[in-house]
1. If we keep just the residues of the range 104-122 that are free of Cβ contacts under 8 Å to residues at least 60 places away in the same chain and part of a helix (DSSP H, G or I), which is farthest from the chain's Cα centre (by Cα)?
2. Taking the range 309-333 as the search range and keeping residues that are assigned to a loop (DSSP other than H, G, I, E, B) and either under 33 Å from the mean Cα position of the chain (by Cα) or modelled with pLDDT of 95 or more (or both), which one is surrounded by the fewest Cβ atoms within 10 Å (Cβ to Cβ)?
3. Cβ-Cβ distance below 8 Å, separation of 6 or more or different chains: which pairs start in the range 240-262 with a residue that is within 12 Å of His276 (Cα to Cα) and end on one that is acidic (Asp, Glu) and not in a helix (DSSP H, G or I)?
4. Report, ordered by the first and then the second residue, all pairs with beta carbons closer than 7 Å, sequence separation of six or more or different chains, a first member in the range 74-90 that is assigned by TED's automatic domain parsing to the domain that holds Arg118, and a second member that is in a strand (DSSP E or B) and aromatic (Phe, Trp, Tyr).
5. Being more than 23 Å from Tyr315 (Cα to Cα) and either in contact with a Pro (Cβ under 6 Å, 6 or more places away or on another chain) or not aromatic (Phe, Trp, Tyr) (or both): is that true of Asp236 here?
6. So, Glu349, is that one modelled with pLDDT of 90 or more, exposed (fewer than 12 other Cβ atoms within 10 Å of the Cβ) and not in a loop (DSSP other than H, G, I, E, B) or not?
7. What residue, of Leu132, Leu139, Leu88, Leu125, is within 39 Å of the chain's Cα centre (by Cα) and farther than 21 Å from Lys5 by Cα?
8. Within the bounds of the range 76-98, is there any residue that is touching a Cys at 6+ places or on another chain (Cβ under 7 Å) and closer than 25 Å to Leu132 by Cα?
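The values are calculated or read from the model by the stated rules, or taken from the named source; none is laboratory data. Since the model is a prediction, treat every value here as computed from it, not as a measurement. No Cβ is skipped: glycine too gets one built from the backbone with ideal geometry, and neighbour counts run over all protein chains shown.
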Amino acid sequence: MNTLKECTILVVDDTRINVDILVNILGDDYEVSVAMDGQEALDTIENARPDLILLDIMMPIMDGYTVIEKLKENAITEDIPVIFISALSDISNKTMGFKLGAVDYIVKPFNIEEVRARVKTHLMLSLAQKALQNQNEILEIKVEERTRELMLTQQATIMSFASLAEYRDLETGGHIKRIKEYVHIIAKELMNNPKYQNMINDKYIDFLVQSSPLHDIGKVGVPDAILKKSGKLDTDEFEIMKKHTTYGKNAIETVEKDLGELAFLHLAKEMAYTHHERWDGLGYPRGIKGNEIPLSGRIITVADVYDGLVSRRIYKPPYTHQVAVEMILKGKSMQFDPDVVDAFVGCLEEIRHIAIEQADSVEEREVLMNAYNDSHNDSLEIPSSYERYNDTFVSKNRSSHEIK
């Protein structure tokens, strides 16, 4: 319906003379159809939705009040404007008509020009409302399209920046993709913990996943000689390595100065700055502990360490899934938030599946496929080589190399 000439009207009245008069009044200007009772009207509307209904109240089988009630119960017909035309003229009948959703009420015997004027007015209102609705729908589509474009651009930008850090270390090409999956799964599982029901929702998780690839962006500031060293870092080298957390925070803050404090950038900054903090306060760069560490940092720490353990690094071989889980359990309430560890344990099979599917090498995949070879060994022994390369679980010597 674009013009008044294209509008359709349904006249519902059980008195033939009233129907004929209304058809004669309106037929030259609009397409008019007729129903002689309430049920016939509903059947007609089901097949062809009119733009306006002129509805009598006192009819056999089904009165006008019942007809309009049924129209309003149906989402397809609830917004069709209805004008009551009735011989019932007292205020209670008019009030009832308006309460049921009629847009107007004309008393019989009616004035011809009044009927024409009121019909035209309500059709014009209906046209305007539909035009506005169509415009809103077009705007919504455009906004959705623009939002999708911005999200895709944003995600591509994030992945590009994150890849800058990963290209510095060719052994971890799939790291940022797996981290996104791990973070999503762990955060979803953590939602089931009543303590976090007011902290974690789907929007938070979307931002968390979207931002997680930037957690190691600060690596671009670490010299290759340190980043790619195959042996243990000395004290000075480790102090330089630790600065990647601050480099990452500062880089994201620079972007925030131009773009403003966007939610995904805020989470990215939290993760970049705090993913090496420890639950017991022995981490870096600030040595904060417990709930002082942002939730985003506590979640990505577990995801990051797991991926570092099951992946080959220049300074270590890949460990089995079982060994990686045992190491993370040993760090519960020391390095890791115990609630996040519990969430991690609650979705181990999903995490292992992602690790296998997205492994960087055949070697890593085979090790992960054999993850449960030692599952019945209660005295599982952590490989001694781990102590050489890691300062997070076994050694407190800050000059030893990190997992990542």
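1. Glu113
2. Selected residue: Ser333.
3. Taking only residues 6 or more apart or on different chains, the pairs are Met241/Glu402.
4. Within 7 Å, the pairs are Phe84/Tyr105.
5. Numbers: more than 23 Å from Tyr315 (Cα to Cα): no; either in contact with a Pro (Cβ under 6 Å, 6 or more places away or on another chain) or not aromatic (Phe, Trp, Tyr) (or both): yes.
No; evaluated as a whole, the condition is false for this residue.
6. Details: modelled with pLDDT of 90 or more: yes; exposed (fewer than 12 other Cβ atoms within 10 Å of the Cβ): yes; not in a loop (DSSP other than H, G, I, E, B): yes.
When the stated conditions are applied, Glu349 passes them.
7. Leu139
8. We begin by selecting, within the range 76-98, every residue touching a Cys at 6+ places or on another chain (Cβ under 7 Å); these are none.
There is no residue in the range 76-98 that is touching a Cys at 6+ places or on another chain (Cβ under 7 Å) and closer than 25 Å to Leu132 by Cα.
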